[in-house]
Amino acid sequence: MIQKDEFTGNCIVREDSNSVATLTMDQPKKRNALSSKMMDALLTELNDIAASPNIRAVILAANGPVFCAGHDLKELKGISHCDGHAALFAQCSELMMRIVTLPQPVIAQIHGMATAAGCQLVASCDLAVASDTAKFATPGVNIGLFCSTPMVALSRNIARKHAMRMLLTGDPISAEQAWQMGLISDIVSEDELGTATRDLAARIAEKSGSTVKIGKEAFYRQIEMPLASAYDYASSVMTTNMQTSDAGEGIGAFVEKRHPTWRHE
């Protein structure tokens, strides 16, 4: 059942159904560029979702032929002072960090092109399902503006030399190449894209929300730690997790050969 279906600042369509929130970027004529207005709308919805216990997974999709073309270059060109550019790039970093720190997993649903900060958006999501015709690029080098902030997310998803090749040439890569490099998690036909992404989100939404939240936070924290520190940290997380209501229910259900009834706490 759809709980909410609305436009947010004429940039985003949000639809909540069965514990999954779908945020659809809806400025196809602007190639769903990450303008300040678009980023503000995404941040507003993500912050609302973060505080919504009934939402347990998020899909980030787009209308039109392009998933996201990155920053709005006309907007960038129209800003005449350094402080304005700094504020815009800080807003973009805040958006990417909000995706990573969101309690719920975020799944990108990609068709068409995802370029520059649009590719960064894909790399920042926890999972990414792409159509087999999708393409990805960090082409800033071609216009004299190196994709430095997209580089942060990209280099944390794929091997260094793959990242450097994308960043230094600006050449697009196919969905198959993106999957082989680890930028995306799934490839499906364009006809199956929406269904496949919704099915993946639904499988995640069936899990214990509190357990998924604990696991997502722990994943991003441990990945930056030295090995010994990561094991110490992960052991403490499992100890804490073990004390939760849902861990007791889940283990009990497994032993008793029944389906668990999650309390999401």
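The values are calculated or read from the model by the stated rules, or taken from the named source; none is laboratory data. Note that this is a predicted model, so its numbers are computed, not measured. Please note: Cβ atoms are built from the backbone with ideal geometry, for glycine as well, and neighbour counts cover all protein chains shown. Just the protein is used for accessible areas: all its heavy atoms, side chains included, with ligands, DNA and RNA removed. Shrake-Rupley method; radii C 1.70, N 1.55, O 1.52, S 1.80 Å.
Okay, here's what the table says:
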quantity	calculated
Sole residue being in contact with a Leu (Cβ under 7 Å, 6 or more places away or on another chain), open to solvent by 40 Å² or more (accessible area, probe 1.4 Å) and over 25 Å from LYS29 (Cα atoms), chosen from ARG98, ARG156, ARG203	ARG98
Residue check, ALA163 surrounded by 15 or more Cβ atoms within 10 Å (Cβ to Cβ), closer than 21 Å to LEU23 by Cα, assigned by the TED database to the domain that holds LEU88 and of a type in the set (A, V, I, L, M)	no
Given (1) surrounded by 15 or more Cβ atoms within 10 Å (Cβ to Cβ); (2) modelled with pLDDT of 95 or more; (3) out of contact with any Asp or Glu (no Cβ under 8 Å at 6 or more places or on another chain), number of the condition GLU249 does not satisfy	(2)
Number of the exception - THR44 against (1) open to solvent by 60 Å² or more (accessible area, probe 1.4 Å); (2) over 28 Å from GLY209 (Cα atoms)	(2)
Flag if CYS11 is more than 17 Å from the chain's Cα centre (by Cα), surrounded by 14 or more Cβ atoms within 10 Å (Cβ to Cβ) and within 25 Å of LEU193 (Cβ to Cβ)	yes
Unique match (being among the hydroxyl-bearing types (Ser, Thr, Tyr) and either assigned by the TED database to the domain that holds ARG156 or not in a helix (DSSP H, G or I) (or both)) among THR261, THR240	THR261
Tabulated pairs, region 211-237, first open to solvent by 40 Å² or more (accessible area, probe 1.4 Å), second among the hydrophobic types (A, V, I, L, M, F, W, C), C-beta under 6 angstrom, 6+ apart or interchain	TYR220/VAL100; GLN222/ALA230; GLN222/ALA234
Within region 1-91, strands (runs of 3 or more DSSP E) holding 1 or more residues that are at pLDDT 95 or above	12-17, 20-25, 57-62
